[in-house]
1. For E157, state whether it is surrounded by 15 or more Cβ atoms within 10 Å (Cβ to Cβ) and not aliphatic (A, V, I, L, M).
2. Please determine whether any residue of the stretch 196-208 is in contact with a strand residue (DSSP E or B) (Cβ under 6 Å, 6 or more places away or on another chain) and not in a helix (DSSP H, G or I).
3. Take the residues in the stretch 11-45 that are of a type in the set (G, A, S) and farther than 30 Å from M81 by Cα; name whichever of them is modelled with the highest pLDDT.
Amino acid sequence: MQTLPTLAQAGSSDSGIFIIVVVVVILFVAVFVTIFLASRYRRCPSNRILVIWGTGSSSSAQCFHGGGKFVWPVIQDYAYMSLEPLVIEIPLQGALSLNNIRVNVPSTFTVGVSKSPVLMSNAAERLLGLGQQQIQEQAQDIILGQLRLVIATLSIEEINKDREKFMNLVNENVAEEINKIGLTLINVNIRDITDESGYIEAIGKRAAAEAINRAKVEVAQQERAGAVGEAEALRERNVRVAEEKALAQQGQKNAEQQQRVAIAELEAQAITGEVESKRDQEIAAAERGAETIAAKKRAEQEQRVQVAMAEASAVDGENTSSAKVAESNAQLAEIRAEASRRADVAAAEARQKIFTAQREEELAKLAKEQLAPQEIEKKRVEIEAEAAAERERREARGHADAILAKYEAEAKGLQQVLEAKAEGYRQLMESCAENPRVAPTLLMIEQLPELVAMQVKAIQNLKIDKITVWDSGSGSDGKGNATANFLSGMIGSLPQVHELAKQAGIELPSALGQVVDMDDTPPVVEDNA
């Protein structure tokens with residue numbers, strides 16, 4: 001009787017221990033499961049992207065930015081992608097521009113993984129697991145190709161002057177291409193643009209020289225305008241206007257000539273560059289088509305792999321698996337047929353564009369080889385004719401200026417002589433103020449050499465062998481003195497000399513005597529000599 005309670009107590013003790021053990025095990029399992037599940041909950045920091053892949057998702061990978069996500073053990077896995085910017089140096093050298101001039105465009109591009117859902121998916125598919133150096137190399141190759149393509153569509157003048165257009169084209173083309181691998185363009189820094197031939201530097205020097213020359217011309221004009229008088233300014237203005245018109249016409253002709261020559265050269269270069277650009281675009285399009293076809297082939301390959309895995313893991317029976325395989329094969333055949341058709345169409349279009357580019361290139365070559373020499377010869381003839389006409393105009397203008405200067409010098413010299421004579425006459429009149437009759441006498445005496453010279457000139461061509469003086473010998477003294485007759489004849493001619501001087505308003509010296517009117521007193525001739 002005492003044994004039964006003892007056994008009951010023992011049985012209750014064992015069941016209590018068992019319950020305690022079960023509770024402890026359950027608690028331990030719960031704690032373990034909780035810790036394990038907590039360890040599989042992944043939080044995403046602000047500078048990273050959480051990528052989860054495995055079963056249980058409709059896409060190849062799920063991307064999350066911020067927050068957290070539970071990662072199922074065994075069937076799922078995860079990794080992080082950094083959002084830190086990548087600075088890529090692009091040492092672009094010798095890129096061919098639209099006018100066939102090679103330029104150097106060293107630049108720096110800043111890129112990073114995008115937070116856009118589509119671009120995050122692209123980055124997860126193409127960049128997950130790659131190092132920073134590998135990502136930079138891929139981006140650098142893409143940027144180099146697109147930058148060369150943009151430069152090939154622009155001329156040197158457009159790249160140098162319209163930087164906004166150049167940057168917009170670079171942003172559009174580069175951003176579109178790097179988005180395909182999940183990257184976004186953050187910043188573009190073009191450090192400098194140079195060319196191997198020095199064309200850009202020559203453009204800057206020409207602009208600076210033109211500005212300096214204009215400033216020098218303006219300063220010279222102002223200094224000259226302040227230094228000359230009113231009369232010289234008027235004459236200089238007329239001469240300057242004529243010269244400027246001639247120079248303007250000459251400059252205009254030279255500018256038109258250079259413009260025509262430059263346009264012809266640029267047109268030929270543009271045609272060649274356009275043909276090469278079109279060819280590059282067609283080649284790039286063909287390469288993109290080939291990449292598309294290759295991507296489709298890879299997709300088909302992945303599809304076949306997935307179908308094979310589905311066949312291996314199928315548990316629905318052989319018949320269901322066979323039906324799925326047949327259906328997948330049918331879809332695969334349709335996809336292959338469509339891809340083959342698109343590839344054939346793309347190849348035919350590419351060949352057509354290549355033939356068109358070759359035809360345009362032949363036409364441009366024909367225009368350059370046959371039409372360009374004729375145009376150059378025509379321009380040369382026009383330039384020579386214009387140069388000859390301008391030379392004749394300048395020679396005529398120089399001859400006219402020389403004649404004008406000669407006449408002006410002669411007039412100025414004559415004016416100075418007359419002014420000197422006038423001053424001499426004025427001083428003579430002032431000196432003869434007490435005896436006004438002396439001045440006309442002196443003036444007449446001044447003109448005597450000229451009168452004598454004129455008389456000598458009148459008889460200088462006469463041939464006189466000898467002079468014979470014939471005298472009858474009957475002089476006033478009865479002795480035939482010819483000298484006395486000569487003196488008496490000279491004295492007898494004095495009244496006529498006095499009459500001539502009186503008519504001329506000149507008073508003769510007192511040594512020649514005076515003539516008195518017959519009505520008053522008989523004429524008396526005094527011979528002081």
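1. For E157, the condition - surrounded by 15 or more Cβ atoms within 10 Å (Cβ to Cβ) and not aliphatic (A, V, I, L, M) - is met.
2. There is at least one residue in the stretch 196-208 that is in contact with a strand residue (DSSP E or B) (Cβ under 6 Å, 6 or more places away or on another chain) and not in a helix (DSSP H, G or I).
3. For the stretch 11-45, the residue satisfying everything is A30.
Residues checked against (1) modelled with pLDDT of 85 or more; (2) over 30 Å from E265 (Cα atoms):
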residue: K115; (1), (2): no, yes
residue: Q140; (1), (2): yes, yes
residue: V170; (1), (2): yes, no
residue: N173; (1), (2): yes, no
residue: L185; (1), (2): yes, yes
residue: A211; (1), (2): no, no
residue: A215; (1), (2): no, yes
residue: E218; (1), (2): no, yes
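The values are calculated or read from the model by the stated rules, or taken from the named source; none is laboratory data. What you see is a predicted model; the values in this text were computed from it and never measured. With ideal geometry, Cβ positions are generated from the backbone for all residues, glycine too; neighbour counts draw on all protein chains shown.
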